[in-house]
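Working notes, structure below.
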Amino acid sequence: MKKTYTLKVAGLERELPLCPLNNELCIGAFIIFGDVELTCACARELLKIAPEHDIMITSESKGIPLIFEMARQAGENKYIVARKMQKLYMSDTFACEVNSITTAKKQTLYLDGKDAELMRGKRVLIVDDVISTGDSLRAIEELVEHAGGNIVGKMAILAEGSAKDRDDIKYLEVLPLFHSDGTEV
């Protein structure tokens, strides 16, 4: 049985461990945390295809190093993170539920009212590391729309499974899904 998948993205190559979702399906675990070279390269390549925007948003947590690096490279001083927990310093918060393919239970994303103000009437770019089922993306879209932001683009490093067929997202590479024996679906 094949246990890894070789991914080529942004001029780099990484071996992704295959992780079972259930008895029949596995995903390639794309983890950007701690990989500075990969984060910087992917941010650079995403910025090349990013639409004009005023501010970027991602969800906690794997999108954070990517959006930070995109903002740094673009000379932008601010980005927004939809949080997985409401924090004491947040006020006028609103929320949206999400089911992520990599999380076993339902989650909630929270947006601080101050961040909502930053988006109101602005061109907002949604950024993530991987788009798969699109549920996390849908939740962020709801938060942006509730805040009065205008979504000008949605992008990720990877489009997983059928997300590659979506015409409303930009991405760098496709990440296939895998059968339990490690062969591509």
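The values are calculated or read from the model by the stated rules, or taken from the named source; none is laboratory data. All values derive from a computational prediction rather than experimental measurement. Cβ: placed from backbone, ideal geometry, glycine included. Neighbour counts: every protein chain shown. Ligands, DNA and RNA are stripped out before the accessible areas are found, and what is left, the full protein with its side chains, is counted by its heavy atoms. Shrake-Rupley method; radii C 1.70, N 1.55, O 1.52, S 1.80 Å.
What the table shows:
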| item | result |
| --- | --- |
| Residue within the range 7-23 that is surrounded by 14 or more Cβ atoms within 10 Å (Cβ to Cβ), of a type outside the set (A, V, I, L, M) and over 14 Å from Val130 (Cβ atoms) present | no |
| Test: residue in the range 4-21 that is under 30 Å from Gly149 (Cα atoms), at pLDDT 95 or above and not acidic (Asp, Glu) | yes |
| Scan of the range 77-101 for residues that are open to solvent by 50 Å² or more (accessible area, probe 1.4 Å) and among the aromatic types (Phe, Trp, Tyr), ordered by number | Tyr79, Tyr89 |
| One residue from Leu66, Leu109, Leu137 being within 16 Å of the chain's Cα centre (by Cα) and in a strand (DSSP E or B) | Leu109 |
| Residue match in the range 152-167 (condition: touching a Lys or Arg at 6+ places or on another chain (Cβ under 6 Å) and farther than 23 Å from Val9 by Cβ) | yes |
| Residues of the range 146-185 that turn out to be of a type in the set (Gly, Ala, Ser), part of a strand (DSSP E or B) and open to solvent by 50 Å² or more (accessible area, probe 1.4 Å), as a count | 0 |
| In the range 42-76, residue farthest from Lys122 (Cα to Cα) [restricted to those that are open to solvent by less than 30 Å² (accessible area, probe 1.4 Å) and of a type in the set (S, T, N, Q)] | Ser59 |
| The range 111-127, subset touching a residue at least 60 places away in the same chain (Cβ under 8 Å) and open to solvent by 20 Å² or more (accessible area, probe 1.4 Å), residue nearest to Ala159 (Cα to Cα) | Arg123 |
| Selection status of Glu60, among the acidic types (Asp, Glu) and under 23 Å from Leu175 (Cβ atoms) | yes |
| Those residues of the range 24-41 which are loosely packed, with under 11 Cβ neighbours inside 10 Å and among the small types (Gly, Ala, Ser), in sequence order | Gly34 |
| Enumeration of residues in the range 133-145 that are surrounded by 22 or more Cβ atoms within 10 Å (Cβ to Cβ) and in contact with a helix residue (DSSP H, G or I) (Cβ under 7 Å, 6 or more places away or on another chain) | Val144 |
